[in-house]
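The values are calculated or read from the model by the stated rules, or taken from the named source; none is laboratory data. Note that the coordinates shown come from a computational prediction; the quantities given were computed from them, not determined experimentally. Cβ placement follows ideal geometry from the backbone for every residue including glycine, while neighbour counts extend to all protein chains displayed.
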Amino acid sequence: MQRRFKVLFVCSFNRERSPTAERVYRSDPRLDVRSGGTRSSAAHQVSEKDMDWADIVLVMEREHKQWLAKRFRAKKLPRIEVLDIPDEYGLMHPKLVENIRAAADPELEAALGGLEI
């Protein structure tokens, strides 16, 4: 069995955007997914262990990438891509799911060598 590609989704509070992304991609047999937040009050704050685990990190906003780079500056980080998804919708809102798919599918297809998501 082939090793699954490990994807970490990151937003601010790990309550709406990144958990939605985790749920959207959870059923893809090629992926192993997690989510986390950058704020100290996040449901799960991104840890060094999360960063060591991930093959790629997909963040919702540029400030999340900057936070990760600053917080883990002493580490060799996985590839981090910004999805540019604003915090406008609640957990699993259809428009949020649509925005996540539109932004993350191309990143994941490229990372997986062009295989369709």
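Here are some notes:
- Evaluation of Arg79 against (1) closer than 14 Å to Arg23 by Cα; (2) without any contact (Cβ under 8 Å) to a residue 60 or more places away in the chain; (3) not aliphatic (A, V, I, L, M) (one fails), failing number: (1)
- Criterion: surrounded by fewer than 19 Cβ atoms within 10 Å (Cβ to Cβ) and at pLDDT below 95 - qualifying residue of Arg79, Arg3: Arg3
- Given (1) in a helix (DSSP H, G or I); (2) over 23 Å from Glu88 (Cβ atoms), index of the condition Gln2 fails: (1)
- If you go through region 83-102 and keep only what is in contact (Cβ under 8 Å) with a residue 24 or more places away in the chain, surrounded by 17 or more Cβ atoms within 10 Å (Cβ to Cβ) and either among the aliphatic types (A, V, I, L, M) or in a helix (DSSP H, G or I) (or both), you end up with Leu83, Ile85, Leu96, Ile100.
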